[in-house]
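Following: one structure in structure tokens, then a few remarks.
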Amino acid sequence: MHFHTSQNSQSCLLASSVAVLQAEKRGSSTGVGVGELIWPSPSDGTPFWKKDFPSSGVSPEVFADVKDSDPKHIIHVTAEMAPIAKVGGLGDVVTGLARACLSRGHTVDIMLPFYECIQKQHIKDLTVITKYNSYHDGNWVPTTAYRGVVSGIPVIFIEPSNLFFKGQYVYGGSYNELEAYLFFSRACLEWMQVTSTQPDIIHVHEWQTGALPLLYWDIYHHLSLKPRIVLTIHNMEHYGECSKEQLSKSGLEGSVYASIDKAVDDRTIGHNPERLSLLKGGIVYSNAVVYFGILNGIDITMWNPATDIFLPVKFNDQKPEGKKFCKYYVQRGLGLASEGTQDGNHVPDITYKAPLVVCITRLVPQKGLHLISHAIKHIEELGGQMVILGKASDVRVQTEFEGLAKLHNQGPCIRILLMFSDELSHMLYAAADMVLVPSIYEPCGLTQMIGMRYGAVPVVRKTGGLADTVFDMDDQSNHNKANGFVFEGIDEGSLNCALDRAFTYFREKPDEWNGIIKKVMEVDNSWNNTAGKYVELYHSI
Ligand code: ADP
């Protein structure tokens, strides 16, 4: 991928150099140009993360331009895509992998339900391309396909004329989710059929599109479609539990799939009723299944502190000073720093002394809820600061964290923000000294990788993809890889120990700490490394 300095960004560069001069004239102690940055405050009418900031004088990286021979046409069929329909890592993975394959010369489309909650202003060149009917429960439902471009990636949106995908959020609308995704899976194939679209690969993700391989091999392959199917399982926690009757609504005869070699969930055998699992059906009927045999990457176009429009000041590993401004900006915005300073461009030293730990996560048991709530207490005891940005789907978890928020959010060091905000997540990664990921299990995990790219040192539990990407600073046997702090137990003492060590480095070994920051920012966790493995897989099937 190439980035060019456009005329526009050159003038930004100039403007920012002028700002540097002005800041220096006013005696800014840091000498970093931040222009006329207005520090936010918790009492601002518009939250501080809702603003866009201009691109500025930190040069974006230039990436190697790899082109694959024999390019393929790949269509991803997915329930999530970042940034327009993102709930967790699935959205990031689909966008990142699609962009990586596009840049390697493949043709890539993403097919996504046209959720009512998608903000249409983020879609470029949105146009209706096909009006057709797709089958559901004895009827042919009038359906519209749109084409548009999101973050440079072609997307086909499927919009049924019934209630499916209506509501405020990606998941949890007042329609039957399982039936909606059964409909969507079939509607994507039906669209390919009616438009004679013949990709090489259909790449499906998670249980939501697990029925597509069944529909493909038992209906559409006999009609005209010829692609091969890849299923990626990002998280096996959900598997699309399904009754025979529900599966029949897709037009497949549910009872035909109610056998152990097809779609019956083995764990329900002997129960009444036995249940099907869409994910199992997907596994049985796909040409290849990827279950974190391939490590994810991060989308380094979307996650780039040198160009990130959500950051008040940009930075990179060569020019890391902007990170301090981001930290102070977030601290001011959340009321974690005093407003005592008079000089607009001066970041008081005191803010550096309090390590800022962030935890950005879906609040579900997998993510180590008891460790997250314990971290609040321990970080407070250590004199640090912590910001949790989390969304709970379970009422009990929501209530528990609301209680914690009430207890802490007026105090001087902890903020618990119970919502989903992509913008704020960018700011928090940029502001953080450390990113905490205490998962009980974690197939891959993106937050530790994104944190690293933004110069936040990871403190993680040694499990799954976290163990593959973070190596402990105090592990003498692996010192050249060391890039964070790792603990093994699921008890509070293990977490304390990792946090204590991280805080000690931060406070007592500033040179080594700065060394870790530089190192984590230099780690290449991009799709440049891993997209090639998917391309090999596409070819192999
Ligand atoms: P999972 O897919 O299990 O949720 P990952 O670590 O693979 O976990 O991916 C999480 C992604 O979702 C990251 O991009 C993270 O920044 C984002 N994310 C999680 N919770 C929130 C939130 N409350 N607000 C904004 N982004 C979030």
Problem - Sequence of K249, K462 once ranked by neighbouring C-beta atoms within 10 Å, starting from the fewest - result: K462, K249
Completion exercise
Set K67/K519; K481/K519; K323/K353, cut-off 18 Å on Cα-Cα distance; pairs above it are K67/K519
Practice task
Run the quick spin-label model on M419 and D500: label points 7 Å from Cα toward the beta carbon, then report their separation in nm to one decimal.
Solution key: 3.8
Problem - Segments 233-245, 419-431 sorted - mean Cβ within 10 Å per residue, highest first - result: 419-431, 233-245
Fill in the blank from the handout: Here Rg/Rh (Cα, Kirkwood) for segment 236-309 equals 1.23
Practice task
Within 10 Å, count the other beta carbons around each residue, average over each peptide in 184-196, 217-229, and list them highest first.
Solution key: 184-196, 217-229
Completion exercise
Residues of segment 352-370 with backbone N under 19 Å of the label point set 7 Å from the Cα of N409 along Cα→Cβ are 357-364
Problem - Over segment 454-523 - Rg/Rh using Cα atoms and the Kirkwood inverse-distance radius - result: 0.94
Exercise for the section: Please work out the Cα center distance from segment 62-107 to segment 429-488, rounded to the nearest Å. Expected result: 25
Handout entry: Equivalent ellipsoid semi-axes - Cα gyration tensor, segment 214-362, angstrom
Key = 53, 19, 13
Handout entry: Whole-number percent relative contact order across the chain, with pairs defined as alpha carbons under 8 Å at least 6 apart
Key = 13
Problem - Reachable lysines from K86, criterion Cα separation under 21 angstrom, eight or more residues apart if same chain - result: K50, K51, K120, K124, K166, K367, K391
Practice task
Return the distance in nm (one decimal) between the two label points of a simple spin-label model at D491 and N162, each offset 7 Å from Cα along Cα→Cβ.
Solution key: 5.3
Fill in the blank from the handout: Placing one equal point scatterer on each C-alpha of the chain and summing with Debye, one gets log10 I(q)/I(0) at q = 0.11 Å⁻¹ equal to -1.02
Exercise for the section: Would you kindly state how much longer the chain becomes between E508 and Q121 on full extension, computed as 0.36 nm times their sequence separation minus their alpha carbon distance, in nm to one decimal? Expected result: 134.5 nm
Problem - Hydrodynamic radius of segment 409-541 per Kirkwood, over alpha carbon pairs, in Å - result: 16.0
Exercise for the section: Measure off 7 Å from each Cα along the Cα-to-Cβ vector at N139 and S243, then give the distance between these two points in nanometres to one decimal. Expected result: 2.0
Practice task
Starting from the amide H of N176, placed 1.01 Å from N in the peptide plane, find each other amide H under 5 Å away whose residue is 5 or more places distant or on another chain.
Solution key: none
Fill in the blank from the handout: A chain fully extended from D468 to V256 at 0.36 nm per residue, minus the present Cα-Cα distance, gains in nm 72.2 nm
Handout entry: Net charge of Cβ neighbours under 9 Å - reference T268; Lys, Arg +1; Asp, Glu -1
Key = -2
Exercise for the section: For segment 195-207, take each phi angle, set θ = phi - 60°, evaluate the Karplus expression 6.51 cos²θ - 1.76 cosθ + 1.60, and give the result in whole Hz per residue in order, putting x for glycine and proline. Expected result: 9, 6, 8, 10, x, 7, 10, 9, 10, 9, 9, 6, 5
Practice task
Give a residue-ordered list of calculated ³J(HN,Hα) values for segment 231-241 (Karplus: 6.51 cos²θ - 1.76 cosθ + 1.60, θ = phi - 60°; whole Hz; x for Gly, Pro).
Solution key: 10, 10, 9, 8, 7, 8, 4, 10, 9, x, 5
Problem - Centroid-to-centroid separation of segment 212-265 and segment 149-189 [C-alpha atoms, Å] - result: 18
Practice task
Place the peptides 104-111, 91-98 in order of packing, highest mean first, counting for every residue the other Cβ atoms within 10 Å and averaging per peptide.
Solution key: 91-98, 104-111
Exercise for the section: Go ahead and estimate [θ] at 222 nm for the chain from helices alone: -39,500 (n - 2.57) per DSSP H run with n ≥ 4, summed, over the residue count, rounded to 500. Expected result: -10000 deg cm²/dmol
Completion exercise
Scalar couplings 3J(HN,Hα) for segment 133-144 by Karplus 6.51 cos²θ - 1.76 cosθ + 1.60 (θ = phi - 60°), nearest whole Hz, x for Gly and Pro, are 10, 10, 6, 7, 6, x, 10, 9, 8, x, 9, 10
Exercise for the section: Mind giving me the FRET efficiency for V128 and K319? R0 is 45 Å, r the Cβ-Cβ distance, nearest 0.05 is fine. Expected result: 0.50
Completion exercise
Gyration tensor (Cα only) of segment 59-181 to equivalent ellipsoid, semi-axes in Å sorted down, yields 29, 17, 13
Exercise for the section: Please figure out what share of the DSSP beta bridges in the chain is antiparallel and state it in percent, rounded to the nearest 5. Expected result: 35
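Rule-based calculations on the coordinates, nothing more; no lab input. On a predicted model such as this, the values are computed, not experimentally measured, just so you know. Heads up, the Cβs are rebuilt from the backbone with ideal geometry, glycines too, and the neighbour counts pull from every protein chain shown.
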